[in-house]
Amino acid sequence: MRRRGTRMAALMALAILISACQREGTDPQAFEFVIGVSLANLTEPWRINMNAEIKEQAAAYQDLRVVFADAADSSDRQVQDVHKLLDSGIDLLIISPTDAEALTPVIADAYNERHLPVVLLDRSVIGYDYTLFIGPDNRLIGKQVGQYVAELLGGEGGEVMEILGRAGSPPVMDRSLGFREAVSHAPNIRTVGTISADWLRDRAEDELTAWLQTHPAVDVVFAHNDAMAFGAYKAARRLGISGIRFVGIDGLPGPEGGQEMVNSGRFAATFTCPTGAREAVIYAMDILHHAEGIPKKMILRTTLLTRQTIADGALSPTFRAPASDPGRKIVLGFAQVGKESDWRLANTESIKSAARDAGIELIFRDGEQRQENQIKAIREFIARKVDIIAFSANVQSGWGEVLREAKAAGIPVFIIDRPVDEKDESLWVTLMGSDFLEEGRRAAQWLVKYMSTERQVDIVELQGTIGSAPAIDRKIGFEEVLRDYPNYAIIHSESGDFFRSTGEEVMRKILAELRAQGKSFDVLFAHNDDMAIGAIKAMEEVGLRPGKDVVIVSVDAIGDAFKAMIAGKLNCSVECTPLLGPLLMKAVKDYFAGKSLPVRIVTAEEVFPAELARRALPGRKY
Ligand code: GYE
């Protein structure tokens, strides 16, 4: 309610300049919050739909006023729009950037300097300087289209023509990459042509008319959105060419929308690409009300629409009450990895308490670090006909068989924390947890900044459980950053299996080996804090001063890591939150309420260098 007078004046001025909306009949003075919405353009049907959905969802809130700005596809104009919105005193910014590079600085400034919450819609920026990203995984969409086209054409294969949106834009590059990766597995499919039509129907019609003159025999036309696919369809019809299968993306309702094109047989298929607009407003209000558990990224689900899948209910959210008696408690079977670290113990506690709070009946099984125990537990859940199964995969491979059994039994599976590397993503409903690659990158980014040196830096790496996603990805992310710093070298890398005791043992062994070779090292990168704390003990035994003689960076940000940082023995911990219980129970409830869930939810995390530890410790929850 602060600065209401001046803000009111600034907003009225802005509303005249741009446009605004609030719930019908509400007193313009009464609103509590003002959200600024900066859209890339209002020409494409998909973006017009996004705009409409924001307005509809915003109308549900009494105390909300939304101010819109349309950048008409100009990033310069969008930068100005954002400045105007910021200067007018908005409480939160929702933005769909025209161009990541051009918009990153002004968005980072709003987020870091003005501490304004920022929700990115559909397209991202460079880096992580925003509150929440909601959008599709364009590479995954491209891959799904490729898999569908490969199936459509079958063993014989055929010729495919690809119509791109705006050349060089991230969605186009990702969709094309995913598509070509998928069709590259089908030997008889040849991509015989590519044209760019800037997302526009008429441009696609003109371009394809010219192209078809010389290549009338193409089997499939894949267009990056339905508008261009329709343009392509019209071109073929005008030239009297039949037999081409048209595949689009967006799947919007209404005349000329993808749903109509599929139902009328003009398209073989399209793929939904939800705008995320409603979720953006819902989460924006949660953020403004300081709700807990706001994720960092929500990757929205894409659904294949053919006449058959639509007939099977692909468009209608199916109400999924627990099998027999909707009134009874939802029964969730959870197969946990084990008890290897403080992180894991906090994760287990978070799940157990959140299930209690949500009134969900939890059957909890501890895998004791063994995959076969987890598989046995999942089979037990299937036999007991639980309503839903959730698990964290000790190692990422070898889950296909049991996940197919759960699917065959009609029991939905949620994966939390550690993903699996199965290709068939229909074997689980959603995956929620951290971005382990990004954690590895952050550890290395902090290290090179902290060391700021050209001299040789030798690193010992304590890996987590071999074959587990966090160990694999943290290593990849860490090495990816160090590739630009040739004076940094990992001279020894060994697994401590995420245990504090094993971290200590393995470090003791490494120290002895290096001493015998007359070698020393400068840095320890430990894939989790527990192993780092174990290693600190082993270092002190041989008279080393951890945190001083050896710089130590690790991952998790558990309580004991803060104590070690305050004691000067650990230099930095990259956060990885174990508090996934509330997120999981909310998703379970949403699922049974028939809501479509994101395919991926990435949690929000920070980096804690030692100098921040003392101030941060009191607020830590694990
Ligand atoms: O970093 C580690 C735990 O899967 C992210 O497993 C989790 C990791 C975490 O043992 O402490």
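Every number in this text was worked out from the coordinates using simple rules, so none of it is lab data. Quick caveat: nothing in here was measured; it's all calculated off a predicted structure. Here the Cβ positions follow ideal geometry from the backbone for every residue, glycine too, while neighbour counts run over all protein chains shown.
Stretching the chain fully between Asp357 and Glu156 yields a gain of 66.9 nm (0.36 nm per residue, less the alpha carbon separation). Residue farthest toward the positive end of the dipole of the chain, with Cβ of Lys/Arg at +1 and Asp/Glu at -1: which of Ile360, Ile310, Ala489? Most positive-ward Cα: Ile360.
3J(HN,Hα) couplings calculated from phi for region 58-74 with the Karplus curve 6.51 cos²θ - 1.76 cosθ + 1.60 (θ = phi - 60°) are, in sequence order, 5, 5, 6, 10, 4, 9, 10, 10, 10, 10, 9, 9, 10, 7, 6, 6, 9 Hz; Gly and Pro show x. If a/c stays under 1.5 just call it rounded; otherwise compare a/b with b/c (prolate if a/b is bigger, oblate if not). Do that for region 482-551, with a ≥ b ≥ c from the square roots of the Cα gyration tensor eigenvalues. Taking the square roots of the gyration eigenvalues as a ≥ b ≥ c, region 482-551 is oblate.
The residue among Ala186, Ser196, Val160 whose Cα reaches farthest toward the positive pole of the charge dipole of region 142-198, with charges on the beta-carbon of Lys, Arg, Asp and Glu, is Ser196.
Charges were assigned to the Cβ only: +1 to each Lys and Arg, -1 to each Asp and Glu. The resulting dipole of the chain about its Cα centre is roughly 920 debye. Computed over neighbours whose Cβ is under 14 Å from that of Ile241, the net charge equals +2, Lys and Arg +1, Asp and Glu -1.
Sequence-ordered 3J(HN,Hα) estimates for region 197-208 from the Karplus curve with 6.51, -1.76 and 1.60 and θ = phi - 60° stand at 10, 6, 6, 9, 4, 5, 4, 5, 4, 4, 4, 6 Hz, glycine and proline given as x. Straightening the chain between Ile476 and Arg370 buys 35.8 nm, computed as 0.36 nm per residue apart minus the Cα-Cα spacing. Please report the net charge: other residues with Cβ closer than 10 Å to the Cβ of Gly440, K and R +1, D and E -1. Combined, the nearby Lys, Arg, Asp and Glu give -2. The dipole here belongs to region 79-156: it is taken about the Cα centre, uses +1 on the Cβ of Lys and Arg and -1 on the Cβ of Asp and Glu, and is about 80 debye.
Under the simplified labelling scheme, the Ala383-Leu177 pair shows an inter-label distance of 4.5 nm, with each label point 7 Å from Cα along Cα→Cβ.
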